[in-house]
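The values are calculated or read from the model by the stated rules, or taken from the named source; none is laboratory data. Because the structure is predicted, anything quoted here is derived from the model rather than measured. Cβ sites come from the backbone with ideal geometry, for glycine too, and all protein chains shown count toward neighbours.
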Amino acid sequence: MKILVTGSAGHLGEALVRTFRERRVEVVGVDVLDSPFTDVRGSIVDRTVVDRCMQGVTAVVHAATLHKPHVATHDRQAFVDVNVSGTLQLLESAVAHQVKCFIYTSTTSSFGDALTPPAGAPAAWITEDVVPIPKNIYGVTKVAAEDLCRLFHRNQRLPCLVLRTSRFFPEGDDIDHMRSAYEGDNLKVNELLYRRVDVADVVAAHQCAIDKAAELGFGRFIISATTPFEPADAADLGHDAPAVLARRVPGYREIYAARGWKMLPTLDRVYDNQLARHLLGWRPQYDFSRALAAVAGGGDWRSPLARAVGAKGYHRQ
């Protein structure tokens with residue numbers, strides 16, 4: 001097997017290339033940036049570059065993208081060029097080179113306004129059945145790229161699976177008031193309850209998707225840490241999340257108090273990863289309970305892979 005990984009200089013791209021290399025899987029990393037994990041420097045918008053990278057490839061893992069924070073630094077056309085046109089170039093080249101499967105890394109941000117119910121309303125329980133309502137150019141272009149994958153599966157019979165990942169970046173929150181209200185690790189461990197995933201689990205999901213693509217053909221899957229909450233908790237999460245957490249994870253208050261941490265007062269959404277666990281056979285390891293145990297023992301709650309990849313910043317060009 002030979003795997004093409006796009007966006008190899010990014011958080012996920014590096015994690016994928018690291019993992020494939022460690023497993024002695026032949027991998028080609030492509031990115032516009034040089035890095036120890038980039039074999040070909042070039043743009044996925046350039047068909048010549050894409051075709052060169054696609055030689056002998058069995059599977060494509062398409063992680064290259066302009067992200068939500070780039071909305072502040074890039075114009076809308078750049079998002080269309082990279083996220084839509086770049087995906088189209090890869091899909092067309094994959095078909096031409098008879099690639100066996102195409103795994104597209106999308107985002108839970110594509111759900112957009114579906115994620116934010118009115119204040120005091122029940123938390124939105126987000127499954128793959130929720131219809132995205134993109135609220136910025138990032139979301140619009142990610143949904144468009146997902147639809148291109150569906151089109152190429154339907155018309156060209158290219159097995160394409162879409163993984164909508166929740167946040168896994170180690171940088172501080174991109175919202176000022178959240179950064180000032182919560183210590184960084186405190187906020188990220190809170191997010192494992194409803195909207196975060198460790199990059200090691202994201203890599204594992206991509207491997208499962210490669211293994212299952214031919215069988216499934218097409219599908220969209222939420223990739224987020226397994227929540228301890230149930231749909232019946234949604235109403236209470238919308239007005240008193242700490243009380244719900246105390247019921248579901250007894251003892252969390254004492255561990256948080258010892259660290260000077262605090263739980264979010266309410267949650268606006270919960271990502272449900274059940275479909276990915278069921279159909280992909282994905283078994284995420286780094287959930288809230290594991291993180292809590294690590295914190296209680298004075299250890300690092302992140303995976304070794306997450307620590308190895310580290311932080312890269314939001315606005316690399």
remark   = Expected single match for of a type in the set (A, V, I, L, M), modelled with pLDDT of 95 or more and in contact with a strand residue (DSSP E or B) (Cβ under 6 Å, 6 or more places away or on another chain) among Val57, Val50, Val45, Val84 is Val57
task = Could you list, in sequence order, all residues of segment 129-163 that are surrounded by fewer than 21 Cβ atoms within 10 Å (Cβ to Cβ) and touching an Asp or Glu at 6+ places or on another chain (Cβ under 6 Å)?
result = Ile133, Lys135
request  = Please work out which one of (1) within 18 Å of Val61 (Cα to Cα); (2) in contact (Cβ under 8 Å) with a residue 60 or more places away in the chain; (3) in a helix (DSSP H, G or I) is the condition Ile222 fails and give its number.
outcome  = (3)
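Return a yes/no flag: does segment 242-249 have any residue that is of a type outside the set (D, E, K, R) and in contact (Cβ under 8 Å) with a residue 40 or more places away in the chain. Spell out the reasoning first.
So in segment 242-249, the residues of a type outside the set (D, E, K, R) come out as 242-246, 249.
Next, from what is left, pick out any that are in contact (Cβ under 8 Å) with a residue 40 or more places away in the chain: 245, 249.
Yes; the residues of segment 242-249 include at least one that is of a type outside the set (D, E, K, R) and in contact (Cβ under 8 Å) with a residue 40 or more places away in the chain.
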query = Would you say Val5 is touching a helix residue (DSSP H, G or I) at 6+ places or on another chain (Cβ under 7 Å) and either of a type in the set (Gly, Ala, Ser) or closer than 19 Å to Leu161 by Cα (or both)?
reply = yes
ask   = Which residue, of Ile210, Ile175, is of a type in the set (Val, Ile, Thr) and without any contact (Cβ under 8 Å) to a residue 40 or more places away in the chain?
value = Ile175
inquiry  = Return the pair list, or none, for Cβ contacts closer than 9 Å from residues in segment 1-30 that are within 16 Å of Cys208 (Cα to Cα) to residues that are of a type in the set (Lys, Arg) and surrounded by fewer than 24 Cβ atoms within 10 Å (Cβ to Cβ), at least 6 apart or on different chains.
reply    = Met1/Lys100; Val25/Lys2
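Given Ala123, Ala119, which one is farther than 29 Å from Gln207 by Cβ and buried (at least 22 other Cβ atoms within 10 Å of the Cβ)?
Numbers: Ala119 fails: buried (at least 22 other Cβ atoms within 10 Å of the Cβ).
Every option except Ala123 fails the conditions.
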query = Is there a residue being among the hydroxyl-bearing types (Ser, Thr, Tyr), buried (at least 23 other Cβ atoms within 10 Å of the Cβ) and either farther than 21 Å from Leu115 by Cβ or modelled with pLDDT of 95 or more (or both) anywhere in segment 244-253?
reply = no
Options Gly260, Gly298, Gly238: the member that is free of Cβ contacts under 8 Å to residues at least 12 places away in the same chain and out of contact with any His (no Cβ under 6 Å at 6 or more places or on another chain) = Gly298
message = modelled with pLDDT of 95 or more and in a strand (DSSP E or B): which single residue out of Val17, Val30 fits that description?
response = Val30
task = Could you tell me which residue of segment 48-77 is farthest from His153 (Cα to Cα), considering only residues that are among the basic types (Lys, Arg) and surrounded by fewer than 16 Cβ atoms within 10 Å (Cβ to Cβ)?
result = Arg76
key: Residue, surrounded by the fewest Cβ atoms within 10 Å (Cβ to Cβ), within segment 262-288, restricted to residues that are hydroxyl-bearing (Ser, Thr, Tyr) and in a loop (DSSP other than H, G, I, E, B)   = Thr266
note = Note on segment 62-101: residues within 17 Å of Arg47 (Cα to Cα) and part of a strand (DSSP E or B) are His62
